[in-house]
């Protein structure tokens, strides 16, 4: 396809009239008997989703992992919630604010797979994880295990408690292409000693997209008396799972990623037996140490964001967890299969569907990650993010359900040219 025509087609697509939630629901209803793995490949069908987004025609966006922006019907809901809260002012804040937030948290708990009394809405995964890490009663000599590939700001939080309390941090390095689950489990097990208090793991590694065998790691850690914190920033509303099947102690995510909620929304799960073990980030009036809401006091905050989470759940349920996961994996496998065997190309993500989904990382020998990202954008109008550290060197590629195979063909051709020094 001619690049100029392709961009023109994308512009026309981006300004097409959205069907709205009801129309999208009807579209999926008509496909309810189509297997998810078959529907995932039907690009013509997924244009109905693409039409819900207002997309900039300047570039192909393959960096949906930082902020998975809001489709137009949900954006309109968000704006209306802003108007409603602004209209009611203090009356809303003093009457139904917490009732509404608790109802939405309960709905999140239902689709996440935990009890409502184990779930609180936060502002993002970082806040959630820091609340847990900073909330422990640490003593000098306690040990915490994590991976060098974990999210940088969370590693910084562990560094802070190391400096503040004398905690010993032990970092493992994840293999990019593990032979089996046992290799990963044994790697974490090898770092545990009798002084290990907690282990943090990523459900989906943010810089590579690798999915870890969370249940097996948690079972192993618990057998040694170690609690497990799971960073699920990239897995919730991306892959299909239930928290109660993972056997973890704490689970955190950002909803503005794959649930496409407004910026500044996330949740924290705490197994109810562990709630009393944590100090709150900010002091609250709740005195019952077994109630999770005592950990959720952040003062006055943008409650219209909380309200929009409810609409985003509607949207997610219309698409369906299985269908979304299948679409995400199809998109990733579509482009990686085109470039995986090219000379100088390095894929830093496992190929198996059990170890990856929509995110993957690619590098080219002889080109630094920063230069690769810059050349993709400057020469090929493809927007990505460079990953240059934590033993991972390449660009993280994050399509979304609206991404087309034509866009991925453009990206794959760009990689081919760059790998051939074109």
Worksheet item: Based on what the data block shows, is residue 234 in contact (Cβ under 8 Å) with a residue 12 or more places away in the chain, in the same structural domain as residue 137 (by TED's automatic domain parsing) and closer than 20 Å to residue 106 by Cα?
Response: no
Practice prompt. Take residue 130 and decide whether it is in a helix (DSSP H, G or I) and surrounded by 15 or more Cβ atoms within 10 Å (Cβ to Cβ).
Written response: yes
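Each row is one residue, and each column tells you yes or no for (1) over 23 Å from the mean Cα position of the chain (by Cα); (2) farther than 27 Å from residue 276 by Cα; (3) touching a residue at least 12 places away in the same chain (Cβ under 8 Å); (4) not assigned by TED's automatic domain parsing to the domain that holds residue 288.
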position: 83; (1), (2), (3), (4): yes, yes, no, no
position: 93; (1), (2), (3), (4): yes, yes, yes, no
position: 106; (1), (2), (3), (4): no, no, yes, no
position: 119; (1), (2), (3), (4): no, no, yes, no
position: 124; (1), (2), (3), (4): no, no, yes, no
position: 127; (1), (2), (3), (4): no, no, yes, no
position: 141; (1), (2), (3), (4): yes, no, yes, no
position: 161; (1), (2), (3), (4): yes, no, yes, no
Practice prompt. Output the residues belonging to the range 248-298 that are more than 25 Å from the chain's Cα centre (by Cα) and without any contact (Cβ under 8 Å) to a residue 40 or more places away in the chain.
Written response: 273, 276, 282, 283, 284, 285, 286, 287, 288, 289, 290, 294
Item to complete: Go through the range 242-294 and count every residue that is buried (at least 19 other Cβ atoms within 10 Å of the Cβ) and at positive phi.
Response: 1
Discussion item. Can you find, within the range 373-391, the residue that is surrounded by the most Cβ atoms within 10 Å (Cβ to Cβ) among those that are in contact (Cβ under 8 Å) with a residue 24 or more places away in the chain and out of contact with any helix residue (DSSP H, G or I) (no Cβ under 7 Å at 6 or more places or on another chain)?
Written reply: 390
Discussion item. Any residue at all in the range 278-294 that's touching a strand residue (DSSP E or B) at 6+ places or on another chain (Cβ under 8 Å) and in a loop (DSSP other than H, G, I, E, B)?
Written reply: yes
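Yes/no matrix, rows are residues, columns are (1) surrounded by 14 or more Cβ atoms within 10 Å (Cβ to Cβ); (2) in contact with a helix residue (DSSP H, G or I) (Cβ under 7 Å, 6 or more places away or on another chain); (3) in a helix (DSSP H, G or I):
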| position | (1), (2), (3) |
| --- | --- |
| 126 | yes, yes, yes |
| 137 | no, no, no |
| 163 | no, no, yes |
| 170 | yes, no, no |
| 179 | no, no, no |
Response to the item:
Residue pairs within 9 Å by beta carbon, gap of at least six or interchain, first lying in the range 403-418 and in the same structural domain as residue 368 (by TED's automatic domain parsing) and farther than 12 Å from residue 331 by Cα, second at pLDDT below 95 and in a helix (DSSP H, G or I), listed first then second, are 410/3; 410/6
Discussion item. Among the residues of the range 209-225, are any within 24 Å of residue 157 (Cα to Cα), modelled with pLDDT of 95 or more, in a strand (DSSP E or B) and over 18 Å from the mean Cα position of the chain (by Cα)?
Written reply: no
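The values are calculated or read from the model by the stated rules, or taken from the named source; none is laboratory data. Keep in mind it's a predicted model, so treat the numbers as computed, not measured. Using ideal geometry, Cβ is built from the backbone for each residue, glycine included, and neighbour counts are taken over all protein chains shown.
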